[in-house]
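Below: the structure, in structure tokens.
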Amino acid sequence: MSSTFFTASPQWRWFIITYFFLGGLAGGSYFLATLMARFGAERDRPLVRLGYLVAFPIVCVCGLVLTVDLGRPERFWHMLVQSHTFRPMLKTYSPMSSGAWVLLLFSGCAFLSFVATLAERGRPDWAIGRKLAPAAPLGRVVTGLGAILGLYLAGYTGVLLSVTNRPIWADTTLLGLTFLTSAASTSAALLILLGAWSGLSRDRLYRLERFDRSALVVEALAIAALVASLGRIATVWLNGWGVLLAVMILGGIALPLLLDWGRPAENRPAWIAPGLVLIGGLVLRMVLVLSSDRLS
Amino acid sequence: MPQPMGFFTDTTVCIGCKACEVACKEWNQLPARNGGVGILSGDSYDNTRQLDGIHWRHVKFIEQFSADRQDGRWLMMSDVCKHCAHAGCLEVCPTGAIIRTEFDTVVIQSDTCNGCRDCIGACPFGVIGVNPVSGTPQKCTLCYDRMKVGLEPACAKACPTKSINFGPIADLKEMARGRVGQLREAGENRAYLYGADETMLGGLNSFYLLVDKPEVYGLPPDPRLPSRNLEPSALWSTLGAVVLSIMGVFHFRERGSGPGRPEGVDV
């Protein structure tokens, strides 16, 4: 038996699952918005704006749920500042410590890009907003840094789980990769969904849909590699959790791929495939977090 | 400079009296579970079941009997935080609440801890749990407050059979090796030390004399630091980030001024 089965559960449950999911969406949306701003065309601008507009509110919710989950929420700042000396608190080798800093810094970038996006439409008409536009020099620095931090935010949560001694989590080193690829697929799905709801034509969403399909394929490969890396320990999923994971793979990856493969159906609502991808991303995190929690 | 201090627990002389559990609870003012309402576990004489935020000492009862009850033995063991030389909890703690003391022990400072619970999952022995009174993870401090004034920990003081031995680690190791030799001379060839050498997390400052496999006592056979997974996990994630970035550039790049999708698929 793996030594990880002799440990106790940190009881990270729904707040943490929510954080993992939303952190992936915030970081992923920002990353995709920056990629589209840098390499896309003018027709991608509405999606770029959507990416920056959703990243900041979502990351605010992330900070909130993380704080609420603490045993002593009023001490959330101890993650960043040493409470006895008031010096910065950072352990680069502790994913939770570095993650707290990345969350803070990413929130700053997300806020600046949020303001820039609002200012782009002149609401409010701030000069600083124009300087922070993705094409402006300062904006390029902010969005470039924010995109890297966004990727970190999307993936470090899986690394955080692996850097414990808990069953499943510490028995693989592929959770970070899995969360990252899932963040890419779910955030693309979110932007497609919001784009469709805001009236963007399928023509404008086409390239993002194509990216989402590729991300889903990579995500499926990452999940397969994760299960393989667990070896015999994967047998702990020969229960309801395994069924849920299989349903997630079929409903949240395979079905959206089949629905979108080739020529999109004209009479099918645009929200079905991205909706399934989003639900799948949440279920994936739920299975990975709670199936280990139950093994205490 | 004080010497590294710790426990050597000789499980062969433990009689399961739980005086250590009671002394620990009394000295550290730890609350009872369920407000003190007694609920029998049905698991031998063990009704506290585990180490956690309100049980910093835990006596395990292992019954090894044949089906006809004609042959068998009791194994009893008073378990506690191992105060590892390389401590997983200390490694991951993001607030600096977990410190190594001048006695080489590991202590959680409750006034600094914010209750993120990362240490609970990082501990290879599962000894840490949330104390509902403080709202933070807690565990054995090896009676740091008593050691500061030259007293031995409450559990060791209360142990009536000297199963729990407290002292400088070097002295305890010598004592433990002597005891293993004595038992083997007497025919108990299964006796060995768990955690006394540096191959296990740099050495456990609370180590044990056992007469069966570690798993039988609920101890991990191969405890390791959580940081073993940091580099490979980070590398895989970085690789994933590179792949996604290349994919993004490939899909989003502007290729001429033509339509964004192939001919014939307009909706």
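Quick notes on this one:
- Distance between modelled label sites at A:Lys131 and B:Phe61, nm, 7 Å Cα→Cβ extension: 7.3 nm
- Trypsin sites (Lys or Arg not before Pro) within the stretch A:96-157: DSSP coil, no more than 16 neighbouring Cβ in 10 Å: A:Arg121
- Rounded to the nearest 10 degrees, the angle from helix B:230-252 to the longest Cα principal axis of chain B is 10 degrees.
- Placing +1 on each Lys and Arg Cβ and -1 on each Asp and Glu Cβ, with no other charges, gives the stretch A:187-296 a dipole about its Cα centre of roughly 60 debye.
- With 20 Å as the limit on Cα-Cα distance, the pairs of B:Lys60/B:Lys139; A:Lys91/B:Lys148; B:Lys139/B:Lys173; B:Lys82/B:Lys173; A:Lys91/B:Lys82 that go past it are A:Lys91/B:Lys148; B:Lys139/B:Lys173; A:Lys91/B:Lys82.
- Alpha carbon centroid spacing (whole Å) that separates the stretch A:101-144 from the stretch A:150-187: 28 Å
- The H on the amide N of B:Thr136, modeled in the peptide plane, is under 5 Å from the matching H of B:Asn131, each at least 5 residues off or on a different chain.
- Axial C-alpha extent at least 20 Å, average Kyte-Doolittle at least -0.5 - helices from chain A (DSSP): A:14-39, A:45-69, A:95-120, A:137-162, A:175-197, A:202-230, A:272-293
- In the protein assembly as shown, taking the dipole from charged Cβ atoms about the Cα centre, the farthest positive-side position among A:Phe31, B:Ala122, A:Leu132 is held by A:Leu132.
- Simple Cβ-charge dipole of chain A, Lys/Arg +1 and Asp/Glu -1, about Cα centre, in debye nearest 20: 400 debye
- Scanning chain B for cysteines with no neighbouring cysteine C-beta under 4.7 angstrom from their C-beta gives B:Cys14, B:Cys17, B:Cys24, B:Cys84, B:Cys93, B:Cys113, B:Cys116, B:Cys123, B:Cys143, B:Cys159.
- Order by protection proxy (mean Cβ within 10 Å, highest first), peptides A:61-67, B:162-168, B:213-219: B:162-168, A:61-67, B:213-219
- Simple rule: put +1 on each Lys or Arg Cβ and -1 on each Asp or Glu Cβ in the stretch B:50-170, find the dipole, and look at B:Cys81, B:Trp56, B:Pro168; the Cα lying farthest toward the positive end is B:Pro168.
- In this rough spin-label picture, where each label sits 7 Å from Cα along the Cβ direction, the B:Glu185-A:Ile279 distance is 7.2 nm.
- Listed residues B:Gln70, B:Gln182, B:Gln29, most fluctuating in chain B (Gaussian network, C-alpha, under 10 Å): B:Gln70
- Helix-only CD estimate at 222 nm, as mean residue ellipticity for the protein assembly as shown, using -39500 (n - 2.57) per DSSP H run (n ≥ 4): -15500 deg cm²/dmol
- Cβ neighbours within 10 Å from other chains - mean over A:156-169: 6
Just so you know, all these numbers are worked out from the coordinates, no wet-lab data involved. Predicted model only: the values in this text are computed from it and were never measured. With ideal geometry, Cβ positions are generated from the backbone for all residues, glycine too; neighbour counts draw on all protein chains shown.
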